[in-house]
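Student: Below is the structure I would like to discuss, written out as structure tokens.
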Amino acid sequence: MAGKAVFRFSFGPWNIHDGADVFGPPVRKKVERAQKLALYKKLGFDGIQFHDDDVVSSVDVPHDQIVKEAKEMKRLIDGEGLIPEFVAPRLWEHPQTIDGGYTANDPKDREYALERSRKAIDIANIIGTRNIVLWPAREGVYVNESKDHRLASERFVAAVDMMLGYDKNIRVLGEMKPNEPMDHAYLPTTGHFLALCYKTVDPSRVGILIESAHALLAGLDPAIEMAYAIYHGKLWSVHLNDQNGLKFDEDRAFGAVNLKRAFDQVFVLWENDFGASGEFVGLDVKALRTQKDDVATRHLSNSRKIFLDLVEVVKKVDRKKIEQLRAARDYEELEYYIVSCLMGRA
Ligand code: XUL
Ligand code: MN
């Protein structure tokens, strides 16, 4: 039942970046935390997404210190009028997450991941969100025989159950990606995580965040993935971006590579009233390394503009014509019609 979609936008502090990559150092000045926070509203964004250590300087400090710093961040985002969308435990940079978190072979490493997840929940409560996002970066293998895969599935469910039990209000959203940094990630797609949702102690509090590029890296279509999660009532957030082929996760501006693919995602979100229950349109996009300092937020503002422009195209698309062409099985004409709409010719 279309017509109730509400599009509010969010991004994470990591989406404003100094341009360093695996092959070279920073090329732009570091943007300080307060400067970043001040940019959100100016760029048209209402929501802010966090890793645990985007909120506090470190999670490996006494609990009092975490609480104090999280309260300070809450004060800062309230001051900017920003809504916290989620907290994600960063389980991929610490020495104790080298072999993964919940599925690491060493029990001490697994305990570190569980403890860090509890801290992420504490932080989420202080800043005022019930959403915990899990991008399980290093849960998986480089060498197939290095882990017991069945046991890994069991451990993953146990970790999510632990979080659901630790706090009866939080929700866990899986953001799945098939590879990078791992060769083979566990639970590589939305479908895998959806199956896991139903194995947990409270499936009603376990859902999905879909990133366009992650679906594409799995050889899947983001719009169809989104529709499938929506059918399950579990599309609770998105990370829109774009991707040129099957290589590393490029986090290109939304719609910049394949406009029709972007249209298809907006169409699904619009038709299914995305945002009506408070979901945000998250943009996980990265500034090109070539951008100069003063224009290093264009990827965010342009992605938002492209999304909103596509909403206008979606609204104008003649639904009757689509139905007629579907009934006549004239899909060539249907495709031409959509491309014409995108070219402003229909
Ligand atoms: C990684 C990715 C992350 C998550 C948040 O590919 O997309 O930035 O979105 O942890
Ligand atoms: Mn993402």
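The values are calculated or read from the model by the stated rules, or taken from the named source; none is laboratory data. Here the structure is a predicted model, which is why all the values come from computation and not from measurement. Because the Cβ atoms are built from the backbone with ideal geometry, glycine has one as well, and the counts that use them run over all protein chains shown. Note: accessible area is taken over every heavy atom of the protein model, side chains too, but ligands, DNA and RNA are not part of it. Shrake-Rupley method; radii C 1.70, N 1.55, O 1.52, S 1.80 Å.
Student: Within the stretch 286-307, does at least one residue satisfy the condition of being surrounded by fewer than 16 Cβ atoms within 10 Å (Cβ to Cβ), modelled with pLDDT under 95, of a type in the set (A, V, I, L, M) and farther than 26 Å from ARG130 by Cβ?
Tutor: No - not one qualifying residue is present in the stretch 286-307.
Student: On to the next question. Can you name the number of the only condition in (1) at positive phi; (2) open to solvent by 20 Å² or more (accessible area, probe 1.4 Å); (3) within 16 Å of ligand 1 (Cβ to nearest atom) that GLY219 fails?
Tutor: (3)
Student: Another question, then. List pairs: first in the stretch 179-203 and within 17 Å of ILE132 (Cβ to Cβ), second among the charged types (D, E, K, R) and open to solvent by 50 Å² or more (accessible area, probe 1.4 Å), Cβ under 9 Å, 6+ apart or cross-chain?
Tutor: ASP202/LYS168
Student: Among the listed residues LYS292, LYS320, LYS247, LYS316, which satisfies the condition of being closer than 30 Å to ASP183 by Cα and among the charged types (D, E, K, R)?
Tutor: On inspection, the qualifying residue turns out to be LYS247.
Student: Do we have any residue at all in the stretch 84-102 that's open to solvent by 50 Å² or more (accessible area, probe 1.4 Å), assigned to a helix (DSSP H, G or I) and in contact (Cβ under 8 Å) with a residue 24 or more places away in the chain?
Tutor: no
Student: Something else: Suppose the filter is open to solvent by 30 Å² or more (accessible area, probe 1.4 Å) and within 14 Å of ligand 1 (Cβ to nearest atom); does GLU180 pass it?
Tutor: yes
Student: Look at ALA287 and say whether it is over 25 Å from GLY3 (Cα atoms) and among the hydrophobic types (A, V, I, L, M, F, W, C).
Tutor: Yes: the conditions hold for ALA287.
Student: In addition: Could you check the stretch 1-36 and list, in sequence order, the residues that are under 23 Å from THR290 (Cα atoms), in a helix (DSSP H, G or I) and free of Cβ contacts under 8 Å to residues at least 60 places away in the same chain?
Tutor: PRO13, TRP14, ARG33, GLN35, LYS36
Student: Another one. Keeping to the stretch 308-332, report how many residues are touching a helix residue (DSSP H, G or I) at 6+ places or on another chain (Cβ under 8 Å) and surrounded by 13 or more Cβ atoms within 10 Å (Cβ to Cβ).
Tutor: Total meeting the criteria: 8.
One line per residue, one yes/no per condition, for (1) more than 13 Å from ligand 1 (Cβ to nearest atom); (2) over 29 Å from LYS260 (Cβ atoms); (3) surrounded by fewer than 23 Cβ atoms within 10 Å (Cβ to Cβ):
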position: TYR186; (1), (2), (3): yes, yes, no
position: GLY191; (1), (2), (3): yes, no, yes
position: ALA195; (1), (2), (3): yes, yes, yes
position: THR200; (1), (2), (3): yes, yes, yes
position: SER204; (1), (2), (3): yes, yes, yes
position: GLU211; (1), (2), (3): no, no, no
position: ALA215; (1), (2), (3): no, no, no
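Student: Wholly within the stretch 285-346, which helices (runs of 4 or more DSSP H) include no fewer than the required count, namely at least 1 residues that are in contact (Cβ under 8 Å) with a residue 40 or more places away in the chain?
Tutor: So the answer is 298-316, 331-342.
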